[in-house]
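Step one of this worksheet: look at the structure below.
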There are 2 protein chains.
Amino acid sequence: MTPALLTEEELRAAAGLDIAALEVIERGFAALADGQVIMPPVLRLDVPEKNGEMDVKTAYIRGFPSFALKVSCGFFDNPKKGLPSLGGLMTLLNAETGHVEAVLLDNGYLTDLRTALAGAVAAKYLARKNARVAGVLGTGMQARLQIEALMPVRDIKTVLVWGRNPEHAKSCARAIAEKTGLKTQTRRNAEDVVRNCDILVTTTPAQEPLVKADWLHEGLHVTAMGSDAEDKNELEPNVLLRADRYVCDSAAQVKRLGELHHALKAGILRNDYPVTEIGKIITGAEPGRENDAEITICDLTGTGVQDTAIAVYAFGKLHGMKKPAAATGAG
Amino acid sequence: MTPALLTEEELRAAAGLDIAALEVIERGFAALADGQVIMPPVLRLDVPEKNGEMDVKTAYIRGFPSFALKVSCGFFDNPKKGLPSLGGLMTLLNAETGHVEAVLLDNGYLTDLRTALAGAVAAKYLARKNARVAGVLGTGMQARLQIEALMPVRDIKTVLVWGRNPEHAKSCARAIAEKTGLKTQTRRNAEDVVRNCDILVTTTPAQEPLVKADWLHEGLHVTAMGSDAEDKNELEPNVLLRADRYVCDSAAQVKRLGELHHALKAGILRNDYPVTEIGKIITGAEPGRENDAEITICDLTGTGVQDTAIAVYAFGKLHGMKKPAAATGAG
């Protein structure tokens with residue numbers, strides 16, 4: 001019973017930003033909102049002298065054949081040595097026996113994927129059906145993937161890009177155009193993007209709010225996915241007040257780590273502010289967007305549920321095609 | 001930079017119960033007692049409907065080139081399906097970059113090893129130099145490995161074995177004799193073993209105390225390694241009162257999970273009862289056994305430090321001999 005070993009290359013070939021992958025993420029969120037998930041708090045190891053951190057996430061989803069344990073490391077002095085900051089892998093465990101089924105040597109690819117797919121799920125339930133212009137703040141990997149993930153759920157025609165570094169914004173816009181065939185434009189400031197898009201995705205590691213409540217307009221949907229730690233903040237707290245509908249991935253997590261955390265801390269929202277998990281909308285327990293005038297927000301912090309969902313999906317696509325790992329005969 | 005993949009077979013060939021492995025466990029304990037370890041609390045996932053649990057342990061040891069993340073699953077209905085209850089693996093991460101260096105597909109072998117080696121470390125510092133008779137309560141894998149691990153540190157001549165099931169005790173005694181060449185005897189009760197040995201190792205999952213204070217005698221050393229959870233208890237609380245020296249692997253853990261936990265809970269010892277970590281004795285900050293009359297106890301609960309130490313050791317022995325994992329070309 002040697003576990004299967006899946007390389008990044010194989011995982012990239014097996015799983016991408018399509019409807020089938022989106023649906024498995026939806027199933028995960030639905031199970032979470034339905035109380036069908038066992039998800040312990042994140043294990044965190046900080047190594048201050050190396051400017052490094054390790055996060056370990058897991059979630060057991062009832063009805064899924066396996067569950068994932070994901071380790072992600074960020075050692076932020078690596079670029080000085082010419083190495084990527086991030087590293088990690090996922091271990092897939094059988095839900096009936098706890099035995100290791102597979103080791104997914106994805107180098108963070110599945111995390112990129114499940115994060116972008118959560119943005120697509122948010123847009124599917126919360127953006128206007130006739131949304132045509134997507135805007136993105138930030139110019140990293142997620143800026144590109146979030147736009148790409150929107151393609152199967154809305155008929156996007158134009159993409160507006162802003163980032164603090166104009167050169168990065170240009171190359172991000174170029175990369176999106178090449179990948180999607182969409183018309184892309186960079187804009188001189190965040191306000192210009194927010195005022196002129198139907199779907200806004202914020203993907204920055206900002207610690208000071210970038211998006212002001214005054215800039216919001218009727219019908220806008222905002223997916224805020226940059227904030228996944230206590231010190232990150234992309235939306236000024238009034239943005240949440242101004243919104244007609246505030247939705248999140250995990251109520252427990254956004255109160256601790258998300259945009260909501262800052263609005264609560266600032267005293268702008270009360271602790272009993274109604275928080276709807278996206279899973280409740282997926283299952284039909286709560287409504288999604290109800291008209292074209294509403295302003296909607298989805299606050300995403302990233303959950304172990306998504307990790308298990310994407311790992312199960314990718315493994316399922318490859319399963320049967322794989323031979324188990326062979327002993328390589330050293331020692 | 002594909003991680004190395006090490007199989008159980010390779011790890012068994014590389015690392016065993018010898019002095020070199022013992023010394024790396026000692027270094028880990030010394031670092032822990034010295035404040036040179038970052039060890040977050042264990043991540044625990046319980047799956048009650050499958051009678052299953054997952055534990056995830058890690059520890060960063062300053063001065064070690066890598067650190068381990070260990071996942072262990074116990075799904076206790078597996079034997080009904082003809083499968084082993086336990087499963088798991090270790091991931092080894094580079095201490096400078098956080099990148100995955102190796103995946104150790106050990107199926108729990110390294111845990112068995114580091115647990116037995118901790119017993120040997122305890123005996124090295126706490127048992128009488130002239131100890132000749134080892135006694136063991138329990139008949140499982142650790143009963144055998146603990147005795148085997150003692151061989152390089154004391155000149156053991158005879159082994160006394162007791163277990164609740166006499167047949168199991170016989171086959172355990174036979175297995176020890178075959179492996180070590182020592183004279184082994186089974187005894188009819190635990191008392192007989194305790195009264196007649198120089199080094200006692202308790203390796204049972206008992207939830208009611210097995211060892212009574214009245215049975216202790218001058219010069220005895222006791223290693224209690226069975227208790228690694230709140231509900232486990234091998235020594236009656238008075239045993240700790242009767243001992244001249246009480247030592248443990250991790251002060252924080254024994255107060256929560258070890259034999260000490262029960263003595264504190266019973267009110268027999270006070271919360272300020274002096275607890276010495278074995279690492280303090282290894283570094284020389286505290287004395288070990290000071291004469292042949294003392295009764296000593298070492299309370300072992302199992303730590304992430306040992307996991308990192310044994311994983312680094314095993315990987316170091318194989319490193320350079322291994323080719324990186326090759327993509328197997330599916331998808």
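The values are calculated or read from the model by the stated rules, or taken from the named source; none is laboratory data. Quick caveat: nothing in here was measured; it's all calculated off a predicted structure. Note: ideal-geometry Cβ built from the backbone for every residue, glycine included; neighbour counts use all protein chains shown.
Residues that are of a type outside the set (Asp, Glu) and more than 9 Å from chain B (Cβ to nearest Cβ) were ranked within the stretch A:33-44; the one that is surrounded by the fewest Cβ atoms within 10 Å (Cβ to Cβ) is A:35. Of the candidates A:53, A:9, A:23, the single residue that is assigned to a strand (DSSP E or B) and without any contact (Cβ under 8 Å) to a residue 60 or more places away in the chain is A:53.
Among the residues of the stretch B:163-219, those identified as closer than 26 Å to residue B:258 by Cβ, part of a helix (DSSP H, G or I) and out of contact with any Gly (no Cβ under 6 Å at 6 or more places or on another chain) are B:168, B:172, B:176, B:190, B:191, B:192, B:194, B:195, B:196, B:213, B:214, B:215. Here A:165, A:189 are screened, and the one residue that is of a type outside the set (Ser, Thr, Tyr) and within 23 Å of residue A:243 (Cα to Cα) is A:189. Residues of the stretch B:85-108 that are in contact with a helix residue (DSSP H, G or I) (Cβ under 6 Å, 6 or more places away or on another chain) and surrounded by fewer than 20 Cβ atoms within 10 Å (Cβ to Cβ): B:85 alone. Being free of Cβ contacts under 8 Å to residues at least 60 places away in the same chain, within 30 Å of residue B:81 (Cβ to Cβ), among the aliphatic types (A, V, I, L, M) and within 14 Å of chain B (Cβ to nearest Cβ) is a property that residue A:89 has. All conditions but one from (1) in contact with a helix residue (DSSP H, G or I) (Cβ under 8 Å, 6 or more places away or on another chain); (2) at positive phi apply to residue B:152; the one that does not is (2).
Just a yes or no: is a residue in the stretch B:257-265 assigned by TED's automatic domain parsing to the domain that holds residue B:138, of a type in the set (Gly, Ala, Ser) and at pLDDT 95 or above? Checking the stretch B:257-265: not a single residue is assigned by TED's automatic domain parsing to the domain that holds residue B:138, of a type in the set (Gly, Ala, Ser) and at pLDDT 95 or above.
Mind checking which residues of the stretch A:112-137 are of a type in the set (Val, Ile, Thr) and farther than 23 Å from residue A:280 by Cα? Those that are of a type in the set (Val, Ile, Thr) and farther than 23 Å from residue A:280 by Cα: A:133, A:136. Exactly one residue among A:30, A:102 is more than 7 Å from chain B (Cβ to nearest Cβ), more than 30 Å from residue A:251 (Cβ to Cβ) and at pLDDT 95 or above, and that residue is A:102. Which of the residues belonging to the stretch B:105-118 are polar (S, T, N, Q) and either at positive phi or at the interface with another protein chain (Cβ under 7 Å from one of its Cβ atoms) (or both)? Correct list: B:107 only. Residues that are among the small types (Gly, Ala, Ser) and within 19 Å of the chain's Cα centre (by Cα) were ranked within the stretch A:45-83; the one that is nearest to the other protein chains (Cβ to nearest Cβ) is A:74.
When residue B:12 is tested against (1) closer than 23 Å to residue B:98 by Cα; (2) more than 8 Å from chain A (Cβ to nearest Cβ); (3) among the basic types (Lys, Arg), just one condition goes unmet, and that condition is (1). Residues in the stretch B:84-99 that are under 18 Å from residue A:92 (Cβ atoms) and touching a Ser or Thr at 6+ places or on another chain (Cβ under 6 Å): B:88 alone. Scanning the stretch B:1-32 for residues that are among the β-branched types (Val, Ile, Thr) and surrounded by 17 or more Cβ atoms within 10 Å (Cβ to Cβ), which turns out nearest to residue A:106 (Cα to Cα)? If we take residues in the stretch B:1-32 being among the β-branched types (Val, Ile, Thr) and surrounded by 17 or more Cβ atoms within 10 Å (Cβ to Cβ), then B:7 is nearest to residue A:106 (Cα to Cα). The combined condition, being farther than 27 Å from residue B:229 by Cβ, surrounded by fewer than 17 Cβ atoms within 10 Å (Cβ to Cβ) and of a type in the set (Gly, Ala, Ser), is fulfilled by residue B:63. Kindly indicate whether any position in the stretch B:238-247 is out of contact with any Asp or Glu (no Cβ under 9 Å at 6 or more places or on another chain) and surrounded by fewer than 22 Cβ atoms within 10 Å (Cβ to Cβ). Taking every residue of the stretch B:238-247 in turn, at least one turns out to be out of contact with any Asp or Glu (no Cβ under 9 Å at 6 or more places or on another chain) and surrounded by fewer than 22 Cβ atoms within 10 Å (Cβ to Cβ). With respect to residue A:16, determine if the residue is closer than 26 Å to residue A:124 by Cα and either without any contact (Cβ under 8 Å) to a residue 12 or more places away in the chain or not in a helix (DSSP H, G or I) (or both). The answer is yes for residue A:16. Step by step: first the residues of the stretch A:172-216, then only those that are in contact (Cβ under 8 Å) with a residue 60 or more places away in the chain and farther than 24 Å from residue A:266 by Cβ, then the one that is surrounded by the fewest Cβ atoms within 10 Å (Cβ to Cβ). Which residue is that? Among residues in the stretch A:172-216 that are in contact (Cβ under 8 Å) with a residue 60 or more places away in the chain and farther than 24 Å from residue A:266 by Cβ, the one surrounded by the fewest Cβ atoms within 10 Å (Cβ to Cβ) is A:196. Put simply, of A:283, A:296, A:301, A:276 the only residue that is at pLDDT 90 or above, under 16 Å from the mean Cα position of the chain (by Cα) and among the hydroxyl-bearing types (Ser, Thr, Tyr) is A:301. Could you please let me know if residue A:96 is facing chain B (nearest Cβ under 8 Å), in a helix (DSSP H, G or I) and not aromatic (Phe, Trp, Tyr)? No: the conditions fail for residue A:96.
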